[in-house]
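The values are calculated or read from the model by the stated rules, or taken from the named source; none is laboratory data. Predicted, not measured: the structure shown is a model, and the values here were computed from it. Cβ sites come from the backbone with ideal geometry, for glycine too, and all protein chains shown count toward neighbours.
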Amino acid sequence: HRVLLLGAPGAGKGTQSKRLAAEYDLEHITTGDALRANKDMETEHGTPREYMEAGELVPDPVVNEIVEAAISEADGFVLDGYPRNLSQAEYLSEITELDVVAYLDVSDEELVRRLTGRRVDPETGDIYHVEFDMPDDEAVRERLEQRDDDTEDVVTERLRVYEENTEPVIEFYRDQGELVEVDGEASPDKVFERLSELLE
Ligand code: AP5
Ligand code: ZN
């Protein structure tokens with residue numbers, strides 16, 4: 001399978017991609033995680049950190065290179081966080097084809113609630129939420145961290161950048177007749193069930 005999961009910041013792309021990758025033995029290709037792991041990498045456009053901490057997009061050449069390398073090594077994959085603008089979408093269409101393009105639809109109000117309450121396990125990368133989903137294990141609960149860009153100010157900017165740059169990408173796939181809309185406000189299990197149907 002070559003799966004693309006689209007959705008706003010906080011829509012559940014990471015949560016669902018991890019499950020899909022495990023269930024269907026796919027590579028989870030996520031530009032967000034890749035950039036977070038290389039925040040201080042020097043590029044001719046500066047470091048990813050400067051952009052990410054402000055909620056702006058990291059320049060296309062940097063992310064295109066990450067994605068192309070990852071796709072060339074993967075048999076099947078689920079792509080999360082890319083493409084985020086039309087030029088990335090065009091680049092992607094030149095390097096691979098996709099079998100499933102799913103869009104997780106979630107209201108703005110819910111996105112803000114999810115992002116500001118998100119917690120991440122720095123050891124496993126597992127994603128939790130202070131209200132909706134906390135781990136039972138006390139030791140895990142204690143080591144959870146908040147992402148640097150999940151503060152209210154940066155969240156506002158990320159949602160603005162999404163509207164301006166990434167919503168046109170949704171239209172791009174919709175116009176091609178490839179886009180399947182999924183209700184992203186359902187429970188994580190329900191969303192997963194729906195996505196699994198698309199893969200089967
Ligand atoms: P990235 O890491 O991709 O962040 P994002 O797109 O803003 O998405 P998030 O990771 O915030 O949300 P998600 O959809 O994965 O939601 P999650 O599953 O965690 O990018 C970060 C930055 O990197 C960008 O701002 C940019 O600077 C840079 N970057 C990355 N890619 C780039 C690119 N291609 N080009 C240029 N720059 C790039 O869930 C969120 C919360 O909701 C969690 O707490 C979770 O537990 C909860 N939750 C999930 N599903 C449900 C549900 N069904 N019900 C209730 N709660 C739920
Ligand atoms: Zn994510």
**OP:** Please work out if Glu23 is more than 8 Å from ligand 1 (Cβ to nearest atom), more than 25 Å from Glu164 (Cα to Cα), over 14 Å from the mean Cα position of the chain (by Cα) and in contact (Cβ under 8 Å) with a residue 40 or more places away in the chain.
**Re:** yes
Original post:
If we keep just the residues of region 93-119 that are near ligand 1 (Cβ under 10 Å from one of its atoms) and surrounded by 19 or more Cβ atoms within 10 Å (Cβ to Cβ), which is nearest to Ala21 (Cα to Cα)?
Top reply: Leu104
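Matching residues to (1) of a type in the set (A, V, I, L, M, F, W, C); (2) outside any helix (DSSP H, G or I); (3) at pLDDT below 95; (4) away from ligand 2 (no atom under 16 Å from the Cβ):
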position: Gly55; (1), (2), (3), (4): no, yes, no, no
position: Val62; (1), (2), (3), (4): yes, no, no, yes
position: Ala70; (1), (2), (3), (4): yes, no, no, no
position: Ser87; (1), (2), (3), (4): no, no, no, yes
position: Ser93; (1), (2), (3), (4): no, no, no, yes
Original post:
If you check Leu104 against the conditions, is it assigned to a helix (DSSP H, G or I) and of a type outside the set (D, E, K, R)?
Top reply: no
Subject >> Residues of region 23-50 satisfying the condition of being within 16 Å of ligand 2 (Cβ to nearest atom) and not in a loop (DSSP other than H, G, I, E, B) >> reply: Glu27, His28, Ile29, Thr30, Thr31, Gly32, Asp33, Ala34, Leu35, Arg36, Ala37, Pro48
**OP:** Look at region 1-22 and say how many of its residues are small (Gly, Ala, Ser), within 25 Å of Glu171 (Cβ to Cβ) and either in a helix (DSSP H, G or I) or modelled with pLDDT under 95 (or both).
**Re:** 2
**OP:** Working only within region 128-141, note down all residues that are within 15 Å of ligand 2 (Cβ to nearest atom) and modelled with pLDDT under 95.
**Re:** Asp133
Original post:
Only one of these conditions is not met by Thr124: (1) in a loop (DSSP other than H, G, I, E, B); (2) polar (S, T, N, Q); (3) under 16 Å from the mean Cα position of the chain (by Cα). Which number is it?
Top reply: (3)
Original post:
What residue, among those in region 124-169 that are in contact with a Lys or Arg (Cβ under 7 Å, 6 or more places away or on another chain) and over 29 Å from Leu86 (Cβ atoms), is nearest to ligand 1 (Cβ to nearest atom)?
Top reply: His129
**OP:** Report yes if Pro83 is within 12 Å of ligand 1 (Cβ to nearest atom), out of contact with any Phe, Trp or Tyr (no Cβ under 6 Å at 6 or more places or on another chain) and either closer than 21 Å to Thr151 by Cβ or part of a loop (DSSP other than H, G, I, E, B) (or both), otherwise no.
**Re:** yes
